[in-house]
């Protein structure tokens with residue numbers, strides 16, 4: 001959620017820190033600040049609001065310091081005011097700290113420190129950290145262990161061992177102009193390796209313009225960055241041997257490339273994302289007679305052996321993708337599947353059932369609730385009989401993330417970096433991952449005929465072109481349609497079967513970026529309460545895809561809304577005569593098999609949300625109060 005950037009090297013740090021923070025703006029924030037060490041002092045500048053406000057405060061302030069830390073804050077403890085912005089400092093203003101996460105025992109620490117004379121200037125949990133470090137620095141003046149390379153890293157090590165919760169921190173000290181200390185516990189932090197310079201960041205886009213050689217710290221690790229190199233330790237103080245890796249990212253991926261917003265760019269990237277996923281996992285030469293599996297996810301057979309049920313944990317948009325996944329896993333592979341909010345799973349875990357696959361879905365791989373749910377499930381199954389042993393699978397866009405460290409097996413969604421806070425292409429990629437998983441299981445369990453498998457695979461391969469057609473034909477029309485809803489205050493989205501989750505996702509997209517109240521419902525539930533809300537001021541968006549009883553039922557539910565004077569918008573195949581008579585406006589999509597339809601029906605709903613928000617003059621890529629990577633529970 002919060003963004004961390006750090007630099008030590010041969011260049012002026014301030015501009016590098018600001019540029020890095022700009023690359024992390026997509027994570028969401030309400031204030032920002034940087035601190036550098038120069039001429040024996042810590043120089044700290046902070047500002048409420050956007051980074052531009054911080055830039056203006058720094059303008060004309062020549063600071064050639066070659067070491068510094070920066071931060072964008074998403075408020076948890078304390079209001080989004082300048083005095084709560086990071087970096088935070090100790091009483092003597094000699095130690096500066098930035099943090100991502102939550103310190104759960106900060107109240108007790110704060111009271112202890114205040115009783116010993118420490119002066120606090122903010123309402124945040126983070127501020128206890130520089131005070132702790134300063135206290136340990138004072139205590140270790142003559143007692144630094146022989147194995148510790150510096151007093152500062154030892155003080156940080158002692159401090160983090162006092163902290164409870166999830167955190168990533170970066171630390172500098174006025175008396176240590178050649179040291180940048182970082183530490184990680186349940187919150188992401190990566191180190192970048194340059195030539196005589198080193199970087200740290202809570203997410204790699206901040207450092208990709210400077211280096212693609214990175215080392216991701218693991219939980220319980222801290223590192224000392226100096227102009228001479230990087231040393232990594234565990235929280236016990238033991239030196240560790242670590243090997244950096246090379247990212248294959250292209251910095252151009254984090255540019256808008258002529259689009260007005262990242263969200264619109266990422267909507268247009270979806271045909272390519274679907275192609276990439278399909279090319280990664282579908283065997284192009286598969287045929288029912290050649291003995292090869294249709295899908296290659298590189299998952300071991302024992303993950304599937306005697307599988308009796310699947311449980312999925314996720315949050316937000318990933319939860320909606322998981323609902324589609326449940327439908328596919330049950331209807332194609334015949335496996336009973338449950339989907340739970342990760343934030344609820346920990347507090348009401350289901351009874352342990354044998355031969356259960358647990359799937360965690362998170363686009364960032366850093367979602368705190370999802371990671372915590374998976375960790376709990378792993379722990380409670382660890383000492384059980386063989387049939388109850390943990391089987392964990394992750395679906396993510398970031399295989400190098402905390403999720404990748406937690407679970408043994410992953411499906412990489414290959415969506416590329418997504419900057420817009422409201423997920424679009426990562427949602428589509430998660431859907432494709434679930435299609436591939438369901439097909440793989442259906443093939444292994446022989447729950448579908450070869451003809452049915454071939455039909456689904458052929459339909460999947462046609463989807464990128466179908467999405468391109470929607471984008472080419474629909475966007476200008478949807479942009480014009482959006483003008484009529486600039487002042488609308490409420491929306492209802494309805495769908496049935498596999499498209500009920502798409503109704504939920506359409507409503508979520510609209511409220512995330514336009515701040516219009518919107519709700520998604522199973523279409524059959526309209527008359528069980530929500531119909532009381534309907535009138536001429538409440539538009540209803542209905543997803544109606546032919547393919548069984550759902551189509552006629554959705555049209556019938558739409559008629560009920562029309563009878564209450566609601567304006568009806570239909571997401572339905574073009575040239576559907578009955579639909580054209582019922583709906584006031586059509587958002588036509590390609591005629592595809594109903595089982596594949598979510599990948600096309602969500603596209604016009606993304607565009608509708610985007611254009612309404614853009615027309616309202618809102619910050620589409622960074623909606624208020626939201627964060628891209630939700631690293632707190």
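Say whether the condition of being surrounded by fewer than 19 Cβ atoms within 10 Å (Cβ to Cβ), at pLDDT 90 or above and farther than 19 Å from residue 589 by Cβ is met by at least one residue in segment 435-444.
So far as segment 435-444 goes, yes, one or more of its residues are surrounded by fewer than 19 Cβ atoms within 10 Å (Cβ to Cβ), at pLDDT 90 or above and farther than 19 Å from residue 589 by Cβ.
Taking segment 164-173 only, how many residues are at negative phi and at pLDDT below 95?
Going residue by residue through segment 164-173, those that are at negative phi are 164, 166-173.
Now drop any that are not at pLDDT below 95, which leaves 164, 166-168.
Within segment 164-173, residues that are at negative phi and at pLDDT below 95 number 4.
Tell me whether segment 485-498 contains one or more residues that are surrounded by fewer than 19 Cβ atoms within 10 Å (Cβ to Cβ) and without any contact (Cβ under 8 Å) to a residue 12 or more places away in the chain.
Yes.
Working only within segment 308-336, note down all residues that are part of a loop (DSSP other than H, G, I, E, B) and surrounded by 17 or more Cβ atoms within 10 Å (Cβ to Cβ).
First, pick out the residues of segment 308-336 that are part of a loop (DSSP other than H, G, I, E, B): 308, 315, 332-336.
Result: 315, 332, 333, 335.
Could you please tell me which pairs satisfy a Cβ distance under 7 Å, a separation of 6+ or placement on different chains, a first residue in segment 323-336 that is in contact (Cβ under 8 Å) with a residue 12 or more places away in the chain, and a second residue that is part of a helix (DSSP H, G or I) and surrounded by fewer than 22 Cβ atoms within 10 Å (Cβ to Cβ)?
Short answer, once both residue conditions are applied: 333/445; 334/445; 336/330.
For segment 1-91, give me every one of the strands (runs of 3 or more DSSP E) that falls completely inside it and has 2 or more residues that are surrounded by fewer than 22 Cβ atoms within 10 Å (Cβ to Cβ). Spell out how you get there, then give the answer.
On the way: elements: 3-8, 31-38, 41-48, 67-73.
The qualifying strands (runs of 3 or more DSSP E) are 41-48.
Of these, 306, 285, which one is more than 23 Å from residue 498 (Cβ to Cβ) and free of Cβ contacts under 8 Å to residues at least 24 places away in the same chain? Lay out the reasoning, then the answer.
On the way: 306 fails: free of Cβ contacts under 8 Å to residues at least 24 places away in the same chain.
Only one candidate qualifies: 285.
Out of the residues in segment 413-428 that are in contact with a helix residue (DSSP H, G or I) (Cβ under 6 Å, 6 or more places away or on another chain) and over 21 Å from residue 618 (Cα atoms), state the one that is modelled with the lowest pLDDT.
417
Tell me whether segment 262-277 contains one or more residues that are at pLDDT below 90, at negative phi and surrounded by 12 or more Cβ atoms within 10 Å (Cβ to Cβ). Working first, answer last.
Looking only at segment 262-277, we keep the residues that are at pLDDT below 90, and these are 262.
Filter once more, keeping what is at negative phi: 262.
Filter again for surrounded by 12 or more Cβ atoms within 10 Å (Cβ to Cβ), leaving 262.
Yes, segment 262-277 has at least one match.
What do you reckon, is residue 231 surrounded by fewer than 22 Cβ atoms within 10 Å (Cβ to Cβ), touching a strand residue (DSSP E or B) at 6+ places or on another chain (Cβ under 8 Å) and either assigned to a strand (DSSP E or B) or touching a residue at least 60 places away in the same chain (Cβ under 8 Å) (or both)?
Working: surrounded by fewer than 22 Cβ atoms within 10 Å (Cβ to Cβ): yes; touching a strand residue (DSSP E or B) at 6+ places or on another chain (Cβ under 8 Å): yes; either assigned to a strand (DSSP E or B) or touching a residue at least 60 places away in the same chain (Cβ under 8 Å) (or both): yes.
Considered against the rule, which asks whether it is surrounded by fewer than 22 Cβ atoms within 10 Å (Cβ to Cβ), touching a strand residue (DSSP E or B) at 6+ places or on another chain (Cβ under 8 Å) and either assigned to a strand (DSSP E or B) or touching a residue at least 60 places away in the same chain (Cβ under 8 Å) (or both), residue 231 comes out as yes.
Go through the residues of segment 343-357 one by one and say whether even a single one is under 24 Å from residue 460 (Cβ atoms) and touching a residue at least 40 places away in the same chain (Cβ under 8 Å).
Of the residues in segment 343-357, the ones under 24 Å from residue 460 (Cβ atoms) are 357.
When the remaining residues are screened for being touching a residue at least 40 places away in the same chain (Cβ under 8 Å), the result is 357.
Within segment 343-357 (the criterion being under 24 Å from residue 460 (Cβ atoms) and touching a residue at least 40 places away in the same chain (Cβ under 8 Å)), the answer is yes, since at least one residue qualifies.
The values are calculated or read from the model by the stated rules, or taken from the named source; none is laboratory data. Please read all numbers here as calculations on a predicted model, not as lab measurements. Cβ coordinates were reconstructed from backbone atoms using ideal geometry, including for glycine residues, and neighbour counts include every protein chain displayed.
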